Amino acid sequence: MALDESSKLGWVLRHGTGKGYGWFRKGAKTKLRDLYSFSLEVSEEDAAVLNDLKERVKETARVWRAIEESKGACWYSQPEISSLSDSSLVSSLSVATLANAMHLKKLIRKGIPPSFRPRVWMAVSGTVTQRSTVPDSYYSDLTEAVKDKVTAATRQIDHDLARTFPTHPWLNSPEGHRTLRQILVAYSFRDSRVGYCQGMNYVAALLLLVLKSEEDAFWMLAALLERVLYSDIYSENLYGCHIEQRVFKDLLMKKFPRLAAHLDLIQFDVSLITTEWFLCLFAKSLPTETTMRVWDVLFSEGVKVLFRVALAIFKMKEAELLSTKHVGEAISIVQDTTNRAYDPDILLKVAFEDLGAMTMYIISEHRKKQQPAVVAELEERLQRVNSPRSNRPTQVLL
Amino acid sequence: MATTGTNHLQAKLVLLGDMGAGKSSLVLRFVKGQFFEYQESTIGAAFLTQTVAVNDATVKFEIWDTAGQERYHSLAPMYYRGAAAAIIVYDISNLDSFARAKKWVQELLQQGNANLVMALAGNKADLSSKRKVETEEGKAYADENQLFFMETSAKTAQNVNELFYEIARKLPKAQPAQQPAGMVLTDRPTGDRFAIKSTCCA
Ligand SMILES: Nc1nc2c(ncn2[C@@H]2O[C@H](COP(=O)(O)OP(=O)(O)OP(=O)(O)O)[C@@H](O)[C@H]2O)c(=O)[nH]1
Ligand SMILES: [Mg+2]
């Protein structure tokens, strides 16, 4: 597959007015394409942020190139940074390797330049290692073997191809559709228990735009589902997703009790909107480069990053949210915040500096704690839905 | 749930229905007057608002447009909990979507809010050459279950505003209209266990 290389550089600036991204805001709008060729219509203010970001991205690329020159290509390959939290492993590493890894972790938090992303993502997520355990022809064999098969999953995939970021020029081309289809179909056969879940299409699409290789995108998708994210996040009933939502609510309550209590008072069940964040890994909610910056750290540090970023979004608007009186108001504030989070550094600073400690251990404990409640909740609904129909009630007990 | 001011009503409205039936398209047509041949698939749910005026009262709809894929149905209770109205959408050119719509109707009938205003929308009415569900079938099912029924097209805008306005008109009837401003409607029978906590800020 060949993605238009020049497209990622296109910051075509054009002035205009009207509705578009952030259509609820009045005033002059600027039309532009972001680093990944998505067209945007933003306020002057946001356009300035985006332009500044573009400069910073260039600067980061210079830094990474300089390091590569001094340390050699692939200096980021070893070891998996996520293993740094595993103390037994850490002690087995040499001081030099460790220093290297710490340095890399810090650098990644500042953002991987787009040109380095393919190699770095594949390396730090352990995808390179995973792939080395199967024959080179694994992916082509798989796509060949399932080529003409029709299943419930392939039908749903076909239905969604043209509905996955339909305004993106490449994704919306026949080649884009074909490539996205192959990845999703192949994955649906690799793990038929997951099959295809809406949400995976957006994740796979962005992986493709960044990695520019169908096969790499397939393996990164596999890495995400099989190693990075909580298991069963996309499977039947979205069991894993229900768990993560409850864990997130626990963490919100723990970190920001006053805010959590207020949101509860106005009946804002945060999962109403955070569900999409966890299923699309912010691909549909945050601006593209901001999403990519979240993914940089997600691949290098693991799933706790999703919780940090989600908490950070609420933290950034804590004061405003505390003054809301109605759920609709609060939702608009949060959505406006995510839609316009054009500066990834602001969001990530809050996520990594203002939230205090949050270890994988804590998240695992919360997951365990929530399992029975989720099982019961899903069971309860199934029973209700499958029970013989009752007539429309005239009086219901409070 | 719907909360009232003197003549201002806020109503939570949820759309349910099969993947691709046209839920997002209906909402987008109603809220922004737009239609896209290729509408992004919804994940979880999308939230939009729109205010309409009926009989010198205004109704602000807080719309939850949910995801249609089967496995997302386990999330639905979160979105229909406390709703004042629901639109169940099917695609007239797709029999499965009609079967799915019936299941949604049954689920909503069992969820306990007796005053929920429910509408059944047979969407994509413009695709008459591909029709698989006859108008009479939709209408009969709706009558049987005391829903109101319309065939709509998000593409041509046929009956889209009518659908939402009809819901808006039915809402005040479902709630006692003479509540003093700022008061919470707890006297109406409801299965929503959070009803008492409900605050009003219209
Ligand atoms: N011809 C025709 N096409 C429609 C109509 N409404 C929607 N569509 C098309 O049907 C497809 C699905 O529409 P959506 O609005 O995304 O359907 P949805 O119910 O929101 O689907 P999910 O989000 O996947 O649950 C889109 O490509 C629309 O353009 C209609 O009234 N007529
Ligand atoms: Mg939709």
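The values are calculated or read from the model by the stated rules, or taken from the named source; none is laboratory data. What you see is a predicted model; the values in this text were computed from it and never measured. We place every Cβ from the backbone using ideal geometry, glycine too, and count neighbours over all the protein chains shown. For the accessible areas, the whole protein counts, side chains as well, though only heavy atoms, and no ligand, DNA or RNA atoms are used. Shrake-Rupley method; radii C 1.70, N 1.55, O 1.52, S 1.80 Å.
Per residue, chain A reaches -18500 deg cm²/dmol at 222 nm when only DSSP H runs of four or more residues are counted, each adding -39500 (n - 2.57). Across the accessible surface of the range A:162-232, with the other protein chains kept in place and a 1.4 Å probe, carbon and sulfur atoms take up 48 percent. Let me have the relative contact order for chain A, percent, based on Cα pairs under 8 Å that are six or more residues apart. Reported relative contact order: 15 percent. Equivalent ellipsoid of the range A:130-227: semi-axes from √(5λ) of the C-alpha gyration tensor, largest first, are 20, 16, 13 Å. Element breakdown for the range B:9-112 at a 1.4 angstrom probe: carbon and sulfur atoms account for 45% of the accessible area. The convex hull defined by the C-alpha atoms of chain A has an orientation-averaged projected area of 23.3 nm². Based on protein heavy atoms only, the range B:3-194 ends up with 37 Å² per residue of surface accessible to a 1.4 Å probe. Would you compute the Debye intensity of the range B:51-155 from its alpha-carbon atoms alone, equal scatterers and no solvent, and pass along log10 I(q)/I(0) at q = 0.17 Å⁻¹ to two decimals? One equal scatterer on each Cα of the range B:51-155 leads to -0.86. Count Lys and Arg as plus one, Asp and Glu as minus one, and take only other residues whose Cβ is under 15 Å from that of A:L378; the net charge is then -4.
Which of the three applies to the range A:332-373, rounded, prolate or oblate, going by the alpha-carbon gyration tensor with a ≥ b ≥ c and a/c under 1.5 meaning rounded? In terms of gyration-tensor shape, oblate.
Mind running the shape call on the range B:3-194? Use the C-alpha gyration tensor, a ≥ b ≥ c as the square roots of the eigenvalues: rounded below 1.5 for a/c, prolate if a/b tops b/c, oblate otherwise. Note, shape of the range B:3-194 comes out prolate.
Per residue, the convex hull spanned by the Cα atoms of the range B:1-113 measures out at 107 cubic angstrom. Of the complete DSSP H runs in chain A, those spanning 15 angstrom or more by Cα along the long axis with a mean Kyte-Doolittle score not below 1.0 are A:200-211, A:304-316. Among A:A341, A:A319, A:A205, the residue with the largest mean-square fluctuation in a Gaussian network model of chain A, with springs joining Cα atoms closer than 10 Å, is A:A319. In the range B:20-61, comparing the full protein assembly with the chain on its own, the residues that lose 20 Å² or more of accessible surface at a 1.4 Å probe are B:G20, B:K32, B:Y38, B:Q39, B:E40, B:S41, B:I43, B:F47. For the range A:284-362, the carbon plus sulfur part of the accessible surface works out to 54%, probe radius 1.4 Å. Solvent exposure of A:S271, expressed as accessible area, is near 0 Å², computed with a probe of 1.4 Å over the protein chains only. Taking every residue in B:77-83 and counting other chain Cβ atoms within 10 Å of its Cβ, the average works out to 3. In the context of the full set of protein chains, chain A has a per residue accessible area of 44 Å² (1.4 Å probe). In this structure, the residue pairs whose Cα-Cα separation is over 22 Å, taken from A:K31/B:K124; A:K147/B:K132; B:K102/B:K124; B:K23/B:K139; A:K255/A:K349; B:K103/B:K139, are A:K31/B:K124; A:K147/B:K132.
Using a probe of 1.4 Å, the accessible surface attributed to A:V385 totals some 40 Å² when neighbouring protein chains are kept in position. Put simply, chains B and A cover up around 4600 Å² of each other's accessible surface, both sides summed, when a 1.4 Å probe is used.
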